[in-house]
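The values are calculated or read from the model by the stated rules, or taken from the named source; none is laboratory data. Owing to the predicted nature of the structure, the values given are computational and were not obtained by experimental measurement. So basically every Cβ, Gly included, is an ideal-geometry build from the backbone, and we count neighbours across all protein chains shown. In case anyone asks, the SASA skips ligands and DNA or RNA and just uses the protein heavy atoms, side chains included. Shrake-Rupley method; radii C 1.70, N 1.55, O 1.52, S 1.80 Å.
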Amino acid sequence: MNDEVQQLCERAREGDVEAASELVTLFYQRVFAYHRRLCGNDDDASDLTQKTFAKVWSSLASYNGRSSFSTWVHGIGHHVYVDWRRKGNRLDAKADEWWEACEAEGPSPFEDAAEREMANHLYALVDQLEETGREVVHLHYYQGLSLSETAEVLQIATSTVKYRLREALNSIRSKSTELKLRAK
Amino acid sequence: MNDEKIEELLRKAPGVKTPAGLHQTLQGEIRLPQRGATDAISFAPRPWLRRWLPELSFAILFITCFVAIGVQLKVLSNMTVVHAGPVEPRDREQDRVWVEKLQLEHLRKDNADLHRLREEVNKLQADLGEVEKLRAENQKLQALNSAVATQSSAEGSLDDALEKEKAQAQAIQCVNNLKQIGLSERIWAQDNGGKFTSNFISMSNELSTPFILKCPTDKNTSATNFVDIIPANISYQMVSTDCTEDAADLSNLVLIQCPVHGTLLFADGHVESITPERRKQLQYKKVDGKTYLVP
C-alpha cells in the first residue's frame, strides 16, 4: 500500500493528474471524516477538505517521504483546521442523530443496541473534551493513526500523545460514571 | 466501563458519509506543480550517508574548526618560542643604538652650549674692555678730583687767612670806632662840666657818623642815621655811669665795652684790645656805678 502510494506521489509530482486523482480517491474520505467530526457540519468540512487538498498539491514538492503520505495529509488537514479555528469559527454540536445516521449507512459495528447507545454516549463525551484531548482522540481512535503518526501530525512528542490520551480516557470514564449514578 | 472498552468503542466509530460531488470537486481542483520542477526530490529510501549528511557536515565543520584552532595555537606557541630566542641580541642592538642616539643628542646639546658660551665670552671680553676703559677714565677723574681737592684745600687756607685778616681788620676798625667814641666823650665832657655822658644819643652832635656806633663784626645791628639809633642798633655797651673827668684812676675806669671783640674804652681815652684768652682772665669791680678793671 505504501509503495503504491509513494509511486502515485512520484507520478503526481511529475504532473500525472491521474495519479493525483487516485490519491484523492484514496484519502479524501478520511480527510473529510476528520474535518466533519471536528467541525460538526458538512459545508465547513467540505471547504476544509478542499483547502487541505489544495495545499497538498501546492506542497507536494516539499513532501520528502520521511512520514507516510497519510500522515502528511493528516498534518496538512490538521493545520488547515487550526487555521480555520483561529479565524473565530465555532464548532457545531453533533447530535446523536448524526451518529445514528452514520451508523445506518453501513453495517453497524456494535453488537447490540446497548453497546450502540453506550458508544453514542461516549462520542458525545469526546466532543466535550478539551481541544488538545479531542484532537488526539480523533486522530488516534477515529482516524486510526498510530501514536507516532498522531505525534507527527500534531508535531508533539509521542509521550505527550500518550499522556493526553490517558487524560482524555480518565475524563470520559469519570463523566460516564457520574452520568450513570445520576441515571440511577 | 473500563478503558479497554472505551477504547474499543471509540475505535468502532462509524464512518462519515461524504457529500455528493465532493470527490469530483476535489479531482477538478487538482493543480499539480509543473513537470520537472521537483526532479531533485526523490522518495526512494535514502542511503545512510545522505540521511546523516547534515549532522556529518556539522560534525566535520566542528572538527575542522577545532583542528584549525589547535594548529593556530601551535603556530603561535612556536612563534613565541622563536621570538623569545633572538630577542636579547635585538634588544641589545636597539639599546646600543638608543644610547648612541642619546649621546649624539647630548653632544649636539653640548656643542650648542659651547657656541653659546663662546658668544657670551666674546661679549664679556668686550664688556671687560669697556670696563677697563671706564676704569682708566675713573682713575683720570680721580686724579683730577684729587687735584681739584688739593686746590680747594689751598683755597680754603687762603680763605682762612683772608677771614683772619678780615677779622683782624674788623677788630682794628672796632678799636678805631671806640677811639672816636672816646674822643667824642671827652668833647662832650668839656662842654658839660667834665661829666661823661651816659648814652650815645646825647653825644650825637659830637659823633661824626652813626656808623661808628656799630662794630663791623656785628651783623645784627645797623643804624644809618641818628634818628634810627636805639640801644638795639648800637653794638657797644656803656658799662659805667655818672663818671667825671676828675674821677680817680681814669686809666682803669672802663666807659664802653665791645661785646664782640671785648675791646675796652677807658675814661682817659685809651682803647685796649683784649684777646679771648685774656678776656677770660679779666676781673672787674663796681664802685658807685663805675666799672674798674682790676689790673
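General observations
- Here residue A:71 fulfils each of the conditions (1) away from chain B (no Cβ under 11 Å); (2) of a type in the set (Ser, Thr, Tyr); (3) in contact with a Cys (Cβ under 8 Å, 6 or more places away or on another chain) apart from (3).
- Top-ranked residue in the stretch A:25-55 [being touching a Ser or Thr at 6+ places or on another chain (Cβ under 9 Å) and among the polar types (S, T, N, Q); ranked as nearest to residue B:25 (Cα to Cα)]: A:50
- Of all residues in the stretch A:20-47, those satisfying the criterion of being surrounded by 20 or more Cβ atoms within 10 Å (Cβ to Cβ) and either more than 30 Å from residue A:128 (Cα to Cα) or within 7 Å of chain B (Cβ to nearest Cβ) (or both) are A:20, A:23, A:24, A:28, A:32, A:33, A:36, A:37, A:46.
- Sole exception among (1) within 22 Å of residue B:18 (Cα to Cα); (2) touching a Phe, Trp or Tyr at 6+ places or on another chain (Cβ under 7 Å) for residue A:10, by number: (1)
- Residue among A:132, A:160 that is β-branched (Val, Ile, Thr), assigned to a helix (DSSP H, G or I) and under 22 Å from residue A:31 (Cα atoms): A:132
- Residue that is more than 19 Å from residue B:192 (Cα to Cα), open to solvent by 40 Å² or more (accessible area, probe 1.4 Å), touching a residue at least 24 places away in the same chain (Cβ under 8 Å) and not acidic (Asp, Glu), where the choices are B:254, B:239, B:271, B:260: B:260
- Extreme residue, modelled with the lowest pLDDT, among residues of the stretch B:23-41 that are out of contact with any helix residue (DSSP H, G or I) (no Cβ under 7 Å at 6 or more places or on another chain) and either within 16 Å of residue A:26 (Cβ to Cβ) or open to solvent by less than 60 Å² (accessible area, probe 1.4 Å) (or both): B:36
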